[in-house]
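My questions all concern the structure below.
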Amino acid sequence: MSYKVAVASNDGKFVNEHFGRAEKFMIYEIYDDGTYKFLETRDSSISCIREGNNQNARSKVIDLISDVKAVLVANVGPGAIDDLINNNIKPYATSFDIDSALNELIKLDNKN
């Protein structure tokens, strides 16, 4: 069974955007045979606007990617981690290029 992954990237090459600062998410489909393909880019609003509670803005971003199983980001705060996990989205922080990050995620999933 295939699943979708959201990738926070500002250049389309590297996982280099903080979850709360991402202005777009690249969506990939990962297949059972370990291959993947790019599906689309989804424009997002920055959810980490200032110090304090950004719950409403974060909820909108999570709704935007609610059909994915995982999100690859450069960094993610503890509040966002909790919200993502509560919405059945696994957050992974990395600084790899997108292809390497997706391949590492596939390896992790194959171990589980």
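Read the figures in this text as sums done on the coordinates, not as results from a lab. Just so we're clear, the structure is a prediction, and the values are computed from it rather than from any experiment. Backbone-built Cβ (ideal geometry, glycine too); neighbour counts: all protein chains shown.
Please compute P(r) over all alpha-carbon pairs of the chain, binned at 5 Å starting from zero, and give each bin as a whole-number percent.
2, 13, 26, 27, 19, 9, 4, 1, 0
Do any of K60/K107; K13/K37; K69/K107 go past 25 Å between their Cα atoms, and which?
The pairs that break the limit, which is 25 Å between Cα atoms, are K60/K107.
Any idea how far the Cα center of region 61-83 sits from the one of region 1-46, in Å?
Each part's Cα centre sits 11 Å from the other's.
If you don't mind, another one. Using Cα-Cα distances under 8 Å and only pairs 6 or more residues apart, what relative contact order does region 39-112 have, in percent?
Once normalised by length, the contact order is 23 percent.
What number, rounded to the nearest 500 deg cm²/dmol, is the helix-based mean residue ellipticity at 222 nm of the chain, given -39500 (n - 2.57) per DSSP H run of at least four residues and division by all its residues?
The helix contribution divided over the chain gives -9000 deg cm²/dmol.
Further question: What dipole magnitude, in Debye to the nearest 20, does region 31-112 give about its Cα centre under +1 on Lys/Arg Cβ and -1 on Asp/Glu Cβ?
180
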